Each structure stands twice: as C-alpha cells, then as structure tokens.
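J.: Can you keep this structure in mind? I'll have questions shortly.
Please treat every number below as a calculation from the coordinates, not as lab data. Note that the structure is a prediction, hence the values are computed from the model and not measured. Don't worry about glycine lacking a Cβ; one is built from the backbone with ideal geometry, like all the others, and counts go over all protein chains shown.
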Amino acid sequence: MTLADRDKALIWHPFTQEKTALPRIGIRNAQGAYLYDENGNALMDLISSWWVNLHGHAHPDIALAIAQQAQKLEHVIFAGFTHESAVTLCEQLNLLLPHPLSRFFFSDNGSTAVEVALKMAYQAAHNQNKKEKTLFLSFEGGYHGDTFGAMSVGIQSGFHDPFEPLLFSTLTLPFPHTWISDPHIQEKEEIALEVLDQYIAKYSHQIAALIVEPLIQGASGMRMCRPEFIKQVIRKVKDAGILVIFDEVMTGFGRTGTLFALEQIGETPDFLCLSKGLTGGFLPLALTVTTDEIYNLFLSDEFAKALSHGHSYTANPLGCAAGIASLNLLRQPKTTQAMKALSDTHTRCLTELEKASDRVHRIRQLGTIGAFDLNLPPAQMPSFTQACLKRGFLIRPLKQSVYLLPPYCTTPEMLESAYQGIQEILASLARR
Ligand SMILES: *Cc1c(COP(=O)(O)O)cnc(C)c1O
C-alpha cells in the first residue's frame, strides 16, 4: 500500500473537501526548495509549505539546533519557569523590532497568537474599567486563523461562514486591494477611509482594537494594498484611542522584502502577531509581542487582572532553538541578497507572463511574493493546479489567484523556470 492509501483510510485533512480532493501526495523527504514524493518525483515548493518555510527544507543549521536542544531540555512548564532558548530568542527579536514592542507572549500557532492579541486588547480596556469596549475593527477579506476569536475578526474572509451565529460581532472595513497599473486605487482608498471615519464617529468608545494583515491579505488571495493607506488608517485609529493589532503571521521574517511589513508602513502597532516563519518552518511556535504600556495594565495585587491564558507547550524549547537558528540565517547578508534576487525575478517574470497570456491579469508583487489573477473558469482551476504538479511545481491557487511564495533558497533560475512552466500550461489550455 502506498503512503497515500494508508493515509486515505484514516486521516482527515485540513481545508479539504475530502469527497472531491485530488489524491494526496505522500512525501518521503525534502531538501532545500524541493519535496520528494513516494514515487521519486521532485516538487519545487513554491508556497513554502503553507508559507512557513524560510530557508529551505531540512536546513542543517536548524536541524542541528533542534537536535542539540532536544538532548538538553525538551520542554518545561512556562508558568513560573523559563529557559535559555526562550530568553535568547526574545532578546534577539527585541533588537530587530521597533520600540516599544518589547513584551513577548508565547503560544503555538498563528491563530493562538491572534487570540492572545484580541484577549489582551479587550482585557486591557476591561482592566481600566472601559467595559463598553467590546467591538473589534477588521478588514473585509482579512484572515486571522480558525479559532473562534480569529474567525470572528476574519468573518468576511468567507472561510468561516457556517460558524457566523457563534461569533462575536465586528465592524468591517473595505480593503482597497490593488495591483500594478490599477487606475482606481485612489477612489478605493478614499471609500475605505470614509467608512473608517463613520465607524470612528459612531463607535470609537466601543472599539477595543483594529486588526489588520499589514500590506497584504494572504488567504483571501494575496491581495495587496499601499503602505500609505495603512499608515493613514493607523493614524486615525490611534487618534481615536483604539489599539492596533498587526497580524504579521504570514508577512513576518522577510516575506514582504523587509524583515517585518511594519517597517514599510512607518507606524508601530500595540500588538504584533508572529508565527509561520518564526521557526524557519520547522516547528509550531508563535509570539504576540506588545508594549510595556499594555503589560503594565495587567499588573495588580489581584489575579483577576492577569492574563488568564496559556498553552501546555508555551515557549517550547525546541521551537525556540529553531527560531534562534532561523534568525541567524535570516540576518546573513546572503539571505538579504537572495530575497532581493527573488523580488527582481518576480517583477520581471510577472510582466513577461502578463504579456504572454491574456488569461493573466492584476499582476502584483511584494518582496518575495508574486501573484496574479487567472482568467479561467473556477471549474478549470484544479486542472491548472494538477498541470503544475505534473511539471514538478507545487503551486496552490487561492480561488482564481495564483501566487508564488518560495523559500529564500530558491534561485532566480528556479523561480524563472516556474514562471516558464506556468506560461506553457496556460498556452496549452488556450489551445484546447
Ligand atoms: C496562517 C495565518 C494565520 C493562522 O495561523 P495558523 O498557524 O494556521 O493558526 C493567522 N493570520 C494570518 C495572516 C495567517 O496567514
């Protein structure tokens, strides 16, 4: 029996309609930018395995750091205890993050990092006796994870519709997503800012926080917006006494061309959610980073004012060791150069692809992420995906949006070959 068959008998997969899904692919091992399946085929991982991988698969430095940590301390309760790797990881991140983001709360994944930020923002108000602050502001299309709080602020992503009656209510802003040569961006931004002004005028005293994926909405199709727009939103929101949460679960650790997307916006949030790339894609780990101003609001002689939240594997030492090793790689000049080379390759190849195929439109690019929309009937998208797999490219479109988000070890030549492959697939679809 193949791995895929043994799996099919037992396992229920994430985000998958099991009735109509393509056959699962058994992966035996991976190295650098490639996955190797059980039939010996190589697949170029152009989605960084759901946006987590930074430096390539099975990177020896990270593998070694985890192995050494496992022999020293695999885990310890994090209430009342601490350990070297957690402290070192936070010290190093503290040097990379803007002041005053200097308080670190660990959890396990992107959704929990968001839950923690939402709970901190709400309880910060509660602890100050501002009990009317029970609303959150979010963007249409925003995706923040699959737990209940994260679903509530991501309800307009379309991923959580059946759960709507169970979610708390949020105010949703239009998201002025844009692309290269978009003639209407100014208008779209103005509309969104007007809606924001109306919400602030009416509800500012009830809104605890705004949550946003800065610069790019991942799950709703790699939808990008302009940094100036986010900057204006943050200014208005802060002036109204509303806290700001940046969900950088996907955008963190270089993906957008800077270490964090916030650097391109020039505004610092009250909360920063990090996960995915935090361990270089090796282990589940997350951080919610906040300010001492927020932290101090939880200090009291009563336990009731503390943040009553924690997970069994909080600050797992193996994850922290992976995080330190990944940061070391990220800080190397050759990583910065590789990211720049990927960025340039996207720009060039996207332009060529748009010229070559009339099915390609709304090309857009941000750092190491390239994306476009495909003019193809929805029913034909799976055959596009399968044609990519057949040629050895792991690409997983989000509805009609195709994106390439490779690990930083991917060479420009490799990325070019993927764009070439896409161009050929689109040409063959056109002939049919
Ligand atoms: C993936 C993602 C999440 C959820 O992270 P999980 O680790 O899958 O729970 C939250 N926010 C953003 C922006 C994401 O891309």
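J.: log₁₀ I(q)/I(0) of the stretch 285-432 at q = 0.10, 0.11, 0.20 Å⁻¹, via Debye over equal Cα point scatterers, no solvent, to two decimals?
T.: Debye output, listed in q order: -0.55, -0.62, -1.16.
J.: What does the helix-only formula give at 222 nm for the chain: each DSSP H stretch with n ≥ 4 adding -39500 (n - 2.57), the total divided by the residues, and the result rounded to the nearest 500 deg cm²/dmol? Can you show the working numbers first?
T.: Working: 14 runs with 171 residues, N = 432.
So the calculated ellipticity at 222 nm is -12500 deg cm²/dmol.
J.: Kindly list the residues of the stretch 145-189 that lie in the label zone of GLU228, defined by a backbone N under 20 Å from the point 7 Å along the Cα-to-C-beta vector.
T.: Backbone N within reach: 174-189.
J.: Evaluate Rg over Rh across the stretch 213-327, taking Cα atoms for both radii and Kirkwood's formula for Rh. Provide the component values of the computation, followed by the final result.
T.: Values: Rg = 15.9 Å, Rh = 15.8 Å.
Ratio value, two decimals: 1.01.
J.: With charges only on Cβ, +1 for K and R and -1 for D and E, what is the dipole size of the chain about its Cα centre, in debye, rounded to 20?
T.: Values: 36 positive and 43 negative charges, 140 e Å.
That gives the chain a dipole magnitude of about 680 debye.
J.: Mean 1/r over all different Cα pairs, inverted: what Kirkwood radius does the chain give, in Å? Walk me through the numbers on the way to the answer.
T.: Details: mean 1/r = 0.0441 Å⁻¹.
Result for the chain stands at 22.7 Å.
J.: Restricting the count to DSSP beta bridges whose residues both fall in the chain, what percent are antiparallel, rounded to a multiple of 5? Kindly include the intermediate steps, with their values, before the conclusion.
T.: Working: 30 of 46 bridges.
Within the chain, antiparallel bridges account for around 65 percent of the total.
J.: Rg over Rh of the stretch 1-74, using C-alpha atoms and the Kirkwood radius, what does it come to? Kindly include the intermediate steps, with their values, before the conclusion.
T.: Working: Rg = 15.2 Å, Rh = 14.5 Å.
A ratio of 1.05.
J.: Within 10 Å, count the other beta carbons around each residue, average over each peptide in 178-184, 416-422, and list them highest first.
T.: Numbers: 178-184: 12.7, 416-422: 19.0.
With the highest mean Cβ count within 10 Å placed first, the list reads 416-422, 178-184.
J.: How would you rank 351-364, 114-127, 375-388, highest first, on the average number of other Cβ atoms within 10 Å across their residues? Before the final figure, lay out each step's value.
T.: Values: 351-364: 16.8, 114-127: 23.3, 375-388: 14.3.
Ranking, from highest mean packing down: 114-127, 351-364, 375-388.
J.: When we measure straight from the Cα of LYS202, which aspartates and glutamates land under 18 angstrom away, once same-chain ones fewer than 8 places off are left out?
T.: Counting by Cα, and skipping residues close in sequence, LYS202 has these aspartates and glutamates nearby: GLU132, GLU194, ASP239.
J.: Just add up the charged neighbours of ALA113: K/R +1, D/E -1, any other residue whose Cβ is under 12 Å from the Cβ of ALA113. All intermediate terms of the calculation are to be shown ahead of the outcome.
T.: On the way: positive: LYS119, LYS276; negative: ASP108, GLU115, ASP247, GLU248.
Around ALA113, the charge tally is -2.
J.: From the residues CYS409, SER326, MET44, which one has its Cα farthest along the dipole of the chain in the positive direction, the dipole being from +1 and -1 charges on Cβ of Lys/Arg and Asp/Glu about the Cα centre?
T.: Comparing the listed Cα positions along the dipole, MET44 ranks first.
J.: Stick to the Cα atoms of the stretch 105-147, pair each with every other, and give me the Kirkwood hydrodynamic radius in Å at one decimal.
T.: Working: mean 1/r = 0.0864 Å⁻¹.
Averaging 1/r across every pair of different Cα atoms and inverting gives 11.6 Å.
J.: Nearest 20 debye, what's the magnitude of the dipole of the stretch 351-393 about its Cα centre given +1 on Lys and Arg Cβ and -1 on Asp and Glu Cβ?
T.: Details: 6 positive and 4 negative charges, 23 e Å.
The dipole magnitude comes to about 120 debye.
J.: Could you tell me what fraction of 2.2 N^0.38 Å the Cα radius of gyration of the stretch 120-180 comes to, as a two-decimal ratio?
T.: Values: Rg = 13.3 Å, N = 61, 2.2 N^0.38 = 10.5 Å.
Output field value: 1.27.
J.: Beta carbons within 10 angstrom, averaged per residue: use that to sort the peptides 272-285, 311-324, 26-39, 98-111, highest first.
T.: Numbers: 272-285: 26.2, 311-324: 22.3, 26-39: 15.6, 98-111: 19.5.
Packing order, densest peptide first, comes out as 272-285, 311-324, 98-111, 26-39.
J.: Of LEU118, ALA315, PRO23, which is farthest along the charge dipole of the chain in the positive direction, counting Lys and Arg as +1 and Asp and Glu as -1 at C-beta?
T.: PRO23
J.: Have a look at LEU166, HIS59, ALA427 and report the one farthest towards the positive end of the charge dipole of the chain, computed about the Cα centre with Cβ charges (Lys/Arg +1, Asp/Glu -1).
T.: Toward the positive end, the furthest listed residue is ALA427.
J.: Here is a follow-up. Given 0.36 nm per residue, what is the gain on full extension from PHE298 to GLU132 after removing their alpha carbon distance, in nm?
T.: Working: separation 166, 0.36 × 166 = 59.76 nm, distance 1.80 nm.
Extra length from PHE298 to GLU132 when fully extended: 58.0 nm.
J.: Quick one: length gained pulling HIS75 to THR147 fully straight, 0.36 nm per residue minus the C-alpha distance? Please list the in-between numbers first.
T.: Details: separation 72, 0.36 × 72 = 25.92 nm, distance 2.48 nm.
Full extension of this stretch gives 23.4 nm more.
J.: Need the full-extension length gain, PHE163 to HIS184, defined as separation in residues times 0.36 nm minus the C-alpha distance. One decimal, nm.
T.: 4.2 nm
J.: Considering the alpha-carbon set of the stretch 335-421 alone, what are its Rg and its Dmax in angstrom?
T.: 12.5, 39
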